[in-house]
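Below you'll find the structure, written out as structure tokens, and then a few comments.
The values are calculated or read from the model by the stated rules, or taken from the named source; none is laboratory data. The structure displayed is predicted, hence computed values, not measured ones. Here the Cβ is made from the backbone with ideal geometry for all residues, glycine too, and neighbour counts use every protein chain on show. Heavy atoms of the whole protein, side chains included, go into the accessibility calculation; ligands, DNA and RNA do not. Shrake-Rupley method; radii C 1.70, N 1.55, O 1.52, S 1.80 Å.
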Amino acid sequence: MEKQSIVLVYTGDGKGKTSAAIGLLARALGAGKRIAFVQFIKAWEVSEHKFFAAIAPLYNEKFTFYKGGKGFFNAGKASAKNVSDAEHRTAAHDTFDFAITAAISGDYDLVICDEINNAVADGLLTTDELKKLIEQRAEKTSLCLTGRNFPDELIELVDIVTEMKKIKHHYDDGFLAQEGIDF
């Protein structure tokens, strides 16, 4: 028996959550599905943005990319400079509005909300808003939610949860992120 749609979560402190979501995107596009990839947090240019720009013409009516967010929130040196808490919240809510509209529209087979868990954990969105996204999506629209700290109280509402666990990362040894590997 096959479900009409599922909810997947990629969470944890390890690397690979966005990469797994991009793999899911590739698999879904290969199957002829319509996908919306909605990115919270990442305001800066990352390699996946270049990839999305390259594939967009090939999958024009099947692929929608929305980049929202204002960068890291409350992350010390890594946080977005000159961005107020209110601007972060507004950007998160604008991105959420796009995501929930896509999820409830029935126009997409899969809506990927990259880093939405971080937006909830940081208090930019509420757990109730995330719950609403899960529960109100169209019957045949699958959902993928990525980012650290997925709320434990929502695990019973989803179908698949994969936790990426960091064992070792070169950043801990003082090395910067590598383009094409880390971003």
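What is the helix-to-structure angle for 85-105, meaning the angle in degrees between its Cα long axis and the longest Cα principal axis of the chain, kept from 0 to 90 and rounded to the nearest 10? It is inclined by approximately 20 degrees. A Förster radius of 35 Å, combined with the Cβ-Cβ distance separating D85 from E2, puts the computed FRET efficiency at roughly 0.20.
Surface composition of region 1-111: carbon and sulfur atoms hold 53% of the protein heavy-atom accessible area at a 1.4 Å probe. Extending 7 Å from the Cα toward the beta-carbon at both T101 and K165 defines two label points whose distance is 4.1 nm. Here region 35-76 and region 78-119 have alpha carbon centers that stand 11 Å from each other. Paramagnetic label reach from D152 (point 7 Å along Cα→Cβ; backbone nitrogen cut-off under 16 Å): within region 1-38, residues 12-13.
The magnitude of the dipole of the chain, with charges of +1 and -1 set on the Cβ of Lys/Arg and Asp/Glu and taken from the Cα centre, is near 420 debye.
In degrees between 0 and 90, to the nearest 10, how far off the longest principal axis of the chain does helix 127-136 point, with axes built from Cα atoms? Tilt relative to the chain: about 20 degrees.
For region 100-145, trypsin sites (Lys or Arg not before Pro) meeting the loop criterion (DSSP other than H, G, I, E, B) and having at most 14 other Cβ atoms within 10 Å: K140. Each listed q (0.11, 0.18 Å⁻¹) maps to a log10 I(q)/I(0) for region 1-108, found by the Debye formula over equal Cα scatterers with no solvent: -0.41, -1.06. Secondary-structure-derived ellipticity at 222 nm for the chain, considering helices only, amounts to -10000 deg cm²/dmol, per-run term -39500 (n - 2.57) for DSSP H runs with n ≥ 4.
Extension gain for the segment L176 to D94, taken as residue separation times 0.36 nm less the Cα-Cα distance, is 26.4 nm to one decimal. Pairs of Cα atoms in the chain fall into 5 Å distance bins, from 0 up to the last occupied one, in shares of 1, 8, 17, 21, 22, 16, 10, 4, 1, 0, 0 percent. For region 1-61, the solvent-accessible area with a 1.4 angstrom probe is 50 square angstrom per residue. Annotation: extensible slack from E135 through L58 equals 24.6 nm (criterion: 0.36 nm per residue apart, minus Cα-Cα distance).
Loop only by DSSP, 14 or fewer other Cβ within 10 Å of the Cβ. Give me the chymotrypsin sites (Phe, Trp or Tyr not before Pro) in region 16-105 that pass, ordered by residue number. Counting only loop positions with at most 14 other Cβ atoms within 10 Å, the chymotrypsin sites (Phe, Trp or Tyr not before Pro) in region 16-105 are W44. Tabulate in residue order the Karplus-calculated ³J(HN,Hα) for region 143-150, using 6.51 cos²θ - 1.76 cosθ + 1.60 with θ = phi - 60°, rounded to whole Hz; enter x for Gly and Pro. Once rounded to whole Hz, the list reads 9, 10, 10, 10, x, 5, 6, 4.
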